[in-house]
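Q: Attaching a single structure in structure tokens format; questions to follow.
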Amino acid sequence: MVIDSDLTPVLRACSDEDLIPLRDYILSASTNWLDINDRYEVNPDRPSSYVNDLVYEIRTFGGNTLVNIFRDAGVPYAEVARDVASKVKAKYDETASVEEIEWAILTKILEQAIKDMSPEERAKLEQIFRDAGADRVDLSAGFPLGLIMAQVGIRAAGFVAYQVAVIVANAVAKAILGRGLSFAANAALTRIIGMFAGPIGWVITGIWTAIDIAGPAYRVTIPCVCHVAYLRLKNQYSGMELGGDV
């Protein structure tokens, strides 16, 4: 049994619907072991019943072949997150927590996508930050998201981070799996996230082009880390109404 203190509790708190994208990112790799796993074969659409196996797969894809020869459970999720941050060129402090590293990854992807957004898309994203208290936001000027978040109140910042995670995770899923995340109960959220799928999808495509030579494992670890970042924030903030008081 593989238990990772930075990953297992997050996944265990999630629904099957939340976990299915992780399952599909893993299954998309021909080198996965999940599709021959007994627990998967019995309940393929109930990933909550094989969370430990998802953790094992993510950690294994995160390690290189030599490391995994000697470390049967792969590498810790924190190391996977750091490696993904390096590949997308996200900056973080050496003492950063896993949550902070995940946030650095999400904001790096979003910052890159902003360059390709239309004025309407940038205006909608700016409004998300203004609603949370960051009054003087001009994304066309290349203002770092970290500085924008510094203008937002502590409680509001958490919910804004959740919205950013939703936007990025949805776009990544659409680019890689061909479908976005499901938000049937929140029409407003569905409309907003759909606006940003194109620009973020182009960023992901660019990342794939840059790392193809480095190895196919990143086609699993990058989307998985983005999705885990989203799930971690969803567990904390998804009960709040989009655009409401935060």
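The values are calculated or read from the model by the stated rules, or taken from the named source; none is laboratory data. Just so it is clear, the structure is predicted and the values come from calculations on it, not from any experiment. Neighbour counts are summed over all protein chains in view; Cβ atoms, including those assigned to glycine, are modelled from backbone coordinates with ideal geometry. Just the protein is used for accessible areas: all its heavy atoms, side chains included, with ligands, DNA and RNA removed. Shrake-Rupley method; radii C 1.70, N 1.55, O 1.52, S 1.80 Å.
Q: Given the pairs 87/108; 87/115; 89/115; 91/174; 108/234, which span a C-alpha to C-alpha distance of over 21 angstrom in this model? Provide the component values of the computation, followed by the final result.
A: Working: 87/108 11 Å; 87/115 19 Å; 89/115 16 Å; 91/174 25 Å; 108/234 19 Å.
Correct reply: 91/174.
Q: How far apart, in nm, are two points set 7 Å out from the Cα along the Cα-to-Cβ line at residue 97 and at residue 39?
A: Taking the two extended label points, one gets 2.6 nm.
Q: If Lys and Arg each add +1 and Asp and Glu each add -1, what is the summed charge of the other residues whose beta carbon sits under 14 Å from the beta carbon of residue 5?
A: Working: positive: 12, 59, 232; negative: 4, 6, 79, 99.
Taking every Cβ under 14 Å from that of residue 5, the sum is -1.
Q: On to the next question. At residue 12 and residue 28, where each label point lies 7 Å from the Cα along Cα→Cβ, what is the point-to-point distance in nanometres?
A: 2.8 nm
Q: Tally Lys/Arg at +1 and Asp/Glu at -1 over every other residue whose Cβ is under 14 Å from the Cβ of residue 232; what's the total?
A: Working: positive: 12, 234; negative: 4, 6, 18, 99, 100, 102.
After counting each charged neighbour, the total is -4.
Q: Local charge sum around residue 113 (other residues, Cβ-Cβ under 11 Å, Lys/Arg +1, Asp/Glu -1)? Show your work: numbers first, answer last.
A: Values: positive: 108, 115, 122; negative: 111, 116, 121.
Charge balance near residue 113 sits at 0.
Q: Follow-up question, since we're still on this one. With an 8 Å cut-off on Cα pairs and a minimum separation of 6 or more residues, tell me the relative contact order of the stretch 1-50 in percent. Display every interim value, and only then the final one.
A: Details: 26 pairs, mean separation 19.0, N = 50.
Reported as a whole number, the value is 38 percent.
Q: Hey, another quick one. Note the full-extension length gain between residue 115 and residue 177 as 0.36 nm times their separation in residues minus their Cα-Cα distance, in nm to one decimal. Each step should come with its number before you reach the end.
A: Working: separation 62, 0.36 × 62 = 22.32 nm, distance 2.38 nm.
That works out to 19.9 nm of additional length.
Q: If DNA, RNA and ligands are ignored and the probe is 1.4 Å, what is the ranking of 101, 176 by accessible area, most exposed first? Show your work: numbers first, answer last.
A: Details: 101 5, 176 50 Å².
Result, largest first: 176, 101.
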